[in-house]
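First up is the structure itself, then whatever we jot down about it.
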Amino acid sequence: MALHMSTVISRKPTDILAHISQLRSSLSSNPLLYTISVSHHTDSAELTSLVSSVKALSSNSIGCLSAPIPSARPCWPQYTAVSLASFDGERATLFRSTIPGRKAASVGRWHAIHEELQPEPAVPPRHEGLDWESALTNAYEGNALPPALERLSAEDIDSVLYLSDNAPEGLSSSLSKFLSATKLGLIGSSTPFVTGRPYTLFHNDSIHSSGAVGVCLSSPTRPVTHSVFPGLEPITRPMIVTSSEGNLVNALDNANPSGLLLHAIRTHPAVSPRVGQEISPELRLYMATLKQKNGTHELDQVFFIMSGDPSRGSIALDTDAAPAEGALIQMFLLPPSATPDVLGEVQEQRADSARRVHNLTFASTSLDDMEASDTSTTTDDAETSVLEDVFLAASENGSIVSRSAGSGHSERPWKCGIPGGLVGLQWAT
């Protein structure tokens, strides 16, 4: 279970270092999870100092470099954020993984929905009778766990947190052996222009450019999952998936999915193109599965729509496995004007909470949002904010989610990459 969580956000490295220094005596003997956000404003000497100070908190630690935390205040994404979570050593096992994941995109990546879609000569073959569930489960090399986890009892683990490069599929597949555990993974921020590495992961004194690091947890009481997807606007009615295969949705209510989506875009008041204009290629479109809760539908899993073809009907999603036949789905648009305010969302959650909890949240941002903050000329006082009992980290590469469904089951891993989207866990303190 979590013993301490905090996130400090500041443009003053001295303030962040002071916060870290105050925690040194209390965290020194406990496993530590941390992230440090970086931007084009990050000074290399300051980053080195921050990394060294965080590592000095514990000899048993994992971490990564992450993205600035999106905020409605234009200057705040330029601030550095350090997030810390310390766990009971009797209930936490740190690990390092080199299990490979997906190496390249494959079936279903045809062409963008916004183009005036023309038939393509080659159609990927349909494999009649193929068990996609089994094929995808065994798609990655072996299913061995990282060595540090091999002797753990699956029944004892209730949550797994990990920080990964952009190929987490092999690890997420192996972690499915922890059947009833919630697995949350943050894909680290891309850091070639910061450290010269594609990703920057830390495991004790070692620095890695690939693979993953993480922690397995067993708590006296199970953590509660939470998710928020602000800003999404529905553009279709709820529909039933009547045919899907791999990452493709082939039919909705026995109708052409791409045709339904294209019609919805053209008639949506916020984005419908004028006569003679094409649909903007900048549109961010999503398909979400819906579940019933308190008599209403709420979003469960949300997938980015990569491509589609009205002549064939299929829609390709950014996932290994599209929603199964019989699933209730709805399609959404994230308006171009949407501005993620992750910091505001988390602060609102804290204000609404009736009791004290430790709240760990992984958030998604986008390159556009990061570039917008880098070009902001708005002045802001250089204040420092400390979020107690909160671990908040963001990445433009999104996160991987597999929540416990109870009764020894958890959902198939899926990628949450919606700018401003949040997924996380809460532990009672």
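Taking Lys55 as the anchor, which lysines have their alpha carbon closer than 22 Å to its alpha carbon, excluding any fewer than eight residues away along the same chain?
Within the straight-line cut-off, Lys55 pairs with Lys12.
How large is the accessible surface per residue of the range 1-81, computed with a 1.4 Å probe and reported in Å² as a whole number?
Accessible surface, normalised per residue, equals 35 Å².
Between Glu90 and His40, what length comes free when the chain is fully extended (0.36 nm per residue of separation minus the Cα-Cα distance, one decimal in nm)?
Length gained between Glu90 and His40: 14.1 nm.
May I ask you to derive the FRET efficiency for His409 and Ala354 from their Cβ-Cβ distance with R0 = 22 Å, giving the value to the nearest 0.05?
0.15
Tell me, what is the FRET efficiency for Thr242 and Ile207 to the nearest 0.05, using R0 = 60 angstrom and their Cβ-Cβ distance as r?
0.80
What is the extension gain from Glu388 to His226, computed as 0.36 nm multiplied by their sequence separation minus the C-alpha to C-alpha distance, in nm to one decimal?
56.5 nm
Using a 10 Å cut-off on Cβ atoms, rank the peptides 163-171, 294-302 from the highest mean neighbour count down.
Going from most to least packed, we get 163-171, 294-302.
When each pair of different Cα atoms in the range 26-65 is counted once in the 1/r mean, what is the Kirkwood radius in angstroms, to one decimal?
After inverting the mean inverse Cα-Cα distance, the result is 10.8 Å.
Quick one: with all protein chains in place, what share of the accessible area of the range 1-76 is carbon or sulfur, to the nearest percent (1.4 Å probe)?
52
Work out the FRET efficiency for Ser21 and Lys293 from their Cβ-Cβ distance, taking R0 = 56 Å, and round it to the nearest 0.05.
0.80
On the protein heavy atoms, probe 1.4 angstrom, tell me the percent of accessible surface of the range 159-253 carried by carbon and sulfur.
About 54 percent, which is the carbon plus sulfur part of the accessible surface.
Using a cut-off of 10 Å between beta-carbons, work out the net charge of the residues near Ser258 (Lys and Arg +1, Asp and Glu -1, Ser258 not included).
Taking every Cβ under 10 Å from that of Ser258, the sum is 0.
Kindly report the accessible area of the range 143-184 per residue (heavy atoms of protein chains, probe 1.4 Å, no ligands, DNA or RNA), in Å².
37
Run the dipole for the range 160-266 about the Cα centre, Lys and Arg Cβ at +1, Asp and Glu Cβ at -1, nothing else charged, and hand back the magnitude in debye, nearest 20.
Dipole about the Cα centre, nearest 20: 160 debye.
The values are calculated or read from the model by the stated rules, or taken from the named source; none is laboratory data. In this text the structure is predicted, and so the values were computed from the model without any measurement. Glycine gets a Cβ as well: all are built from the backbone with ideal geometry, and neighbour counts include every protein chain shown. Heavy atoms of the whole protein, side chains included, go into the accessibility calculation; ligands, DNA and RNA do not. Shrake-Rupley method; radii C 1.70, N 1.55, O 1.52, S 1.80 Å.
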